[in-house]
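The values are calculated or read from the model by the stated rules, or taken from the named source; none is laboratory data. Worth saying up front: this structure is predicted, and the values here are computed from it rather than measured. When we count neighbours, we look across all protein chains shown, and the Cβ atoms used for this are built from the backbone with ideal geometry, even at glycine. All accessible areas refer to the heavy atoms of the entire protein, side chains included, with ligands and DNA or RNA removed. Shrake-Rupley method; radii C 1.70, N 1.55, O 1.52, S 1.80 Å.
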Amino acid sequence: MEFDKLLVCRNIAKDEVFKAENESFECAAKLIENAEKIGLSGNICGTYLIYKLVHEPNLVSETSEMNGGEIGESLKEIFRRDIEKLMPIFKGTSPCGEILGNYSPTKKIKNPAFDELVKSIENAGNADAVTEIFIDFYRKFGYGDIAAYRAFRWDKENKSLVGIRHFEKIRLDDLTGYAHQKELLTGNTLAFLSGKPANNVLLVGARGTGKSSGVKALANEYYSNGLRLLQITKPQLKNLPEIMEKLRNFAGRRFIIFLDDISFEESEAEYKYLKSAIEGGVESRPENVLIYATSNRRHLIRETWRDRSEDHEELYRDDSVNETISLSDRFGLIIHYYPPNQAEYLEIIRNMLKKQNIELDDEILRIEGLRWEMSHSGRSGRTAQQFVNYYLGRQ
């Protein structure tokens with residue numbers, strides 16, 4: 001293969017596997033090593049090539065991401081010519097031998113989107129079709145870690161997104177109750193994904209009611225729609241301007257910046273960075289970014305009766321009150337979560353047990369569930385999950 005004649009996919013020529021193509025045993029050894037590390041199967045030479053084109057940036061994938069999925073006709077044609085040169089590898093004419101044409105790794109990669117991409121390319125008839133398949137993938141999923149992960153954290157030192165490998169697999173159907181709250185949350189998120197006006201969201205209320213789980217479930221539910229989750233901590237709020245600028249470059253994705261269980265003391269300055277990022281800063285918030293926050297505190301900033309007292313030392317008392325509530329006012333959608341009543345609490349337990357193929361007698365469920373509630377921290381989805389864990393552990 002003349003990898004040095006590739007124009008767009010030049011990173012392929014630098015890859016350790018394809019650099020060793022003239023040394024068949026060296027090439028095969030590196031392929032097997034990578035197949036085991038990554039979890040590739042089938043024609044692992046072709047699959048590895050697909051993996052590199054998806055996970056390593058190239059001019060087409062980067063241009064597509066920066067322009068919301070669009071690339072020019074000239075660049076597309078150059079990409080098609082590169083793909084035409086690589087077709088023998090895609091179609092199984094492996095330079096590393098036929099023995100690697102049906103490889104089965106110890107642990108296969110778990111990525112349905114990648115599996116579908118490989119299958120589509122295997123079934124494609126020519127370079128034109130493969131080119132369209134790759135461009136469509138870049139448009140829908142992006143490239144690199146953005147394509148591989150649903151959720152990220154912020155690396156302050158390198159000013160980069162770091163994919164969360166073991167992200168919780170919770171889905172919206174796993175959350176029992178709170179139908180109205182889920183409807184508000186998904187409605188706002190779907191509007192955001194459709195490019196329609198949408199609000200920053202504050203999920204506030206009782207502990208253990210599923211506020212954080214609801215936000216995390218969105219990342220799993222709408223991954224194929226381009227949604228990604230970025231969780232940041234309170235100290236990282238001062239980095240919001242550079243975080244926003246980084247996310248602005250991924251115009252093909254939609255990001256929820258997630259602030260979990262957040263609240264502030266009046267003396268903490270971080271909340272001012274958040275206020276500015278949401279609304280009021282000189283630089284506008286990117287169109288592909290919203291902020292979702294969860295808290296047990298309605299106004300996010302701690303208030304005291306002294307703040308509202310006539311004896312308050314500040315000359316303009318109303319200014320102090322307005323400052324305290326101004327942060328929560330910047331969230332256009334505030335969703336309230338209340339503790340479940342007894343019937344709702346028992347229903348949550350019943351549904352959790354059903355998912356484990358266990359059905360308890362109503363009276364046993366009532367007695368056991370309420371006994372657990374009274375000896376723990378009251379009724380909530382978290383308490384229900386803890387009871388279910390306890391019950392399953394005894395079986």
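Table: residues versus (1) crowded, with 16+ Cβ neighbours inside 10 Å; (2) under 36 Å from the mean Cα position of the chain (by Cα); (3) modelled with pLDDT of 75 or more; (4) more than 30 Å from Gly252 (Cα to Cα).
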| position | (1), (2), (3), (4) |
| --- | --- |
| Asn288 | yes, yes, yes, no |
| Leu300 | yes, yes, no, yes |
| Arg308 | no, no, no, yes |
| Pro340 | yes, yes, yes, yes |
| Met352 | yes, yes, yes, yes |
| Gln356 | no, yes, yes, yes |
| Arg371 | no, no, yes, yes |
| Arg379 | yes, yes, yes, yes |
| Gln385 | yes, yes, yes, yes |
Open item on the list: Being closer than 15 Å to Phe137 by Cβ and without any contact (Cβ under 8 Å) to a residue 60 or more places away in the chain: is that true of Lys91 here?
Closed with: no
- [ ] Read through the list (1) open to solvent by 40 Å² or more (accessible area, probe 1.4 Å); (2) under 30 Å from Ile50 (Cα atoms); (3) touching a residue at least 40 places away in the same chain (Cβ under 8 Å); (4) in a helix (DSSP H, G or I), then give the number of the only condition that Asp136 fails.
- [x] (3)
Open item on the list: Quick check on this structure: which one of Asp260, Asp173 is within 22 Å of Arg297 (Cβ to Cβ), out of contact with any Pro (no Cβ under 6 Å at 6 or more places or on another chain) and of a type outside the set (Lys, Arg)?
Closed with: Asp260
TODO: Determine which member of the set Val54, Val60 is at pLDDT 90 or above and under 23 Å from Arg165 (Cβ atoms).
DONE: Val54
Task: Options Ala191, Ala198; residue that is farther than 28 Å from Pro235 by Cα and either outside any strand (DSSP E or B) or in contact (Cβ under 8 Å) with a residue 40 or more places away in the chain (or both) - done: Ala191
TODO: Examine segment 162-181 for a residue that is open to solvent by less than 30 Å² (accessible area, probe 1.4 Å), part of a helix (DSSP H, G or I) and aliphatic (A, V, I, L, M), and state whether such a residue exists.
DONE: yes
Open item on the list: Condition check: closer than 30 Å to Val289 by Cβ and either of a type outside the set (S, T, N, Q) or at pLDDT below 90 (or both). Does Phe141 satisfy that?
Closed with: yes
